[in-house]
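Student: Let me give you the structure first, and then I'll get to my questions.
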Amino acid sequence: MSGKLVMDKITKTYGDGDAKLTVLNHLDLEVNPGEFVAVLGPSGSGKSTFLSTAGALLTPTSGEVWIGGEPLSGKNKRELAELRLHKIGFMFQSAHLLPYLSVEEQLLFAAKLGSMPSRTAKARAEKLLKRLDLWGRRKHYPEHLSGGEKQRTAIARAWMNDPAILLADEPTASLDFKRGLEVVNMIADEVKEEGKAAVMVTHDVRMLERCDRVLVLDSGVLVPRVHSLHV
């Protein structure tokens, strides 16, 4: 499934009057299928708000978000939940694995939520776990996994329903440099091989080599990164 992410003049404000805070200010972004974009920004710059808005978790105050050619405005909560489940893959700093499910069961549970047929789900789970070098750990529970194994499991789960768009929020923050680079390479390879659009929010400039573009969230808008910026 290929897709495209478009954010058109997105504004997000909190509060009103003297307490009004504008976090995103007529922000524009277009990420095409096969493109991997990194977003940098200091703490408090609005990166989480930006990513949550891109992923249909937050509704913008104004502007329009398009996911795979579909505008989000006008969709109800159920429709937005369905869109997130089928078209968006989320990766977070923490793996957020369910402690009572094995590695393989984490993926099969995601597939069940997405109404994927059981036989198809098992075949896809096997393919992903082998690809991410987790097949030998498929029966293990999160408490018995290393940090890298947990994060790779979370990536496999995010890819399980073949989303068109991948959104990663500091996916390498809990990993050492080597494991972090492996994760970024996995995301980049998936983007290129499967024609997905991906956005990664990160603090770690060492992880930017595989990205096609690097942007900085500054004063509520995205601007091209200038290498002298210390973010």
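Bear in mind these aren't lab numbers, they're just calculated from the coordinates by the rules spelled out. Owing to the predicted nature of the structure, the values given are computational and were not obtained by experimental measurement. No Cβ is skipped: glycine too gets one built from the backbone with ideal geometry, and neighbour counts run over all protein chains shown.
Student: Rounded to the nearest 500 deg cm²/dmol, what is the calculated helix-only ellipticity per residue at 222 nm for the chain, with -39500 (n - 2.57) per DSSP H run of length n ≥ 4?
Tutor: Numbers: 6 runs with 75 residues, N = 231.
That calculation yields -10000 deg cm²/dmol at 222 nm.
Student: Need the full-extension length gain, LEU57 to LYS9, defined as separation in residues times 0.36 nm minus the C-alpha distance. One decimal, nm.
Tutor: 15.5 nm
Student: Something else now. For the stretch 5-224, build the charge dipole from Cβ charges (+1 Lys, Arg; -1 Asp, Glu) around the Cα centre, then report which of THR13, LEU132, LEU72 sits farthest towards its positive end.
Tutor: LEU132
Student: Now a separate question. Show log10 I(q)/I(0) for the stretch 1-94 at q = 0.24 Å⁻¹, two decimals, from a solvent-free Debye sum over equal Cα scatterers.
Tutor: Ignoring solvent entirely, the Cα scatterers give -1.44.
Student: Something else: Placing unit charges on C-beta atoms (Lys and Arg positive, Asp and Glu negative, everything else neutral), compute the dipole magnitude of the chain about its Cα centre in debye, rounded to 20.
Tutor: With only Lys, Arg, Asp and Glu charged at Cβ, the dipole is about 720 debye.
Student: Using only Cα atoms, locate the centre of the stretch 166-190 and the centre of the stretch 30-82, then give the distance between them in Å, rounded to an integer.
Tutor: Measuring centre to centre over Cα atoms gives 20 Å.
Student: Here's another thing I want to ask about it. What FRET efficiency do you get for LEU113 and GLU70 if R0 is 22 Å and r is their Cβ-Cβ distance, rounded to the nearest 0.05?
Tutor: Efficiency for this residue pair is about 0.65.
Student: Follow-up. Applying 1/(1 + (r/R0)^6) with R0 = 35 Å to the Cβ-Cβ distance of ASP176 and ASP18, what FRET efficiency is obtained, to the nearest 0.05? Walk me through the numbers on the way to the answer.
Tutor: Details: r = 45 Å, r/R0 = 1.29.
Once the sixth-power term is evaluated, E becomes 0.20.
Student: How would you rank LEU83, LEU40, going from fewest to most other Cβ atoms within 10 Å of each one's own Cβ?
Tutor: The fewest-first ordering by Cβ neighbours comes to LEU83, LEU40.
Student: Measuring from the lowest to the highest alpha carbon on each principal axis, how far does the chain reach, largest first, in angstroms?
Tutor: Projected onto the principal axes, the Cα atoms of the chain cover 54, 41, 32 Å.
Student: Restricting to Cα pairs below 8 Å that are 6+ residues apart, what does the relative contact order work out to for the chain? Please round to a whole percent. Before the final figure, lay out the partial values.
Tutor: Details: 451 pairs, mean separation 75.6, N = 231.
Rounded, it is 33 percent for the chain.
Student: Which entries in LYS9/LYS192; LYS87/LYS196; LYS9/LYS77; LYS4/LYS192 show an alpha-carbon gap greater than 18 Å?
Tutor: Result: LYS9/LYS192; LYS9/LYS77 exceed 18 Å.
Student: What is the helix-to-structure angle for 147-159, meaning the angle in degrees between its Cα long axis and the longest Cα principal axis of the chain, kept from 0 to 90 and rounded to the nearest 10?
Tutor: On a 0 to 90 degree scale, this one is about 80.
Student: I'd like the FRET efficiency for TYR141 and SER43, computed as 1/(1 + (r/R0)^6) with the beta carbon distance as r and R0 of 22 Å, rounded to 0.05.
Tutor: 0.10
Student: Same structure again: Which residue, chosen from PRO33, THR59, VAL103, occupies the Cα position most advanced towards the positive end of the dipole of the chain, where the dipole is computed from +1 (Lys, Arg) and -1 (Asp, Glu) charges on Cβ about the Cα centre?
Tutor: VAL103
Student: Continuing with this model, one more query. For the residues THR61, THR202, THR120, THR49, what sequence is obtained by ranking on other C-beta atoms within 10 Å, fewest first?
Tutor: Listed from fewest to most nearby Cβ atoms, that is THR120, THR61, THR49, THR202.
Student: Any aspartates and glutamates with Cα under 17 Å of the LYS139 Cα? List them, leaving off those in the same chain fewer than 8 positions away.
Tutor: GLU104, GLU105, GLU126, GLU149
Student: Let me ask something additional. Going toward the positive end of the dipole of the stretch 165-231, with +1 on Lys and Arg Cβ and -1 on Asp and Glu Cβ, which of SER174, CYS211, MET186 do you reach last?
Tutor: Towards the positive end, the residue furthest out is CYS211.
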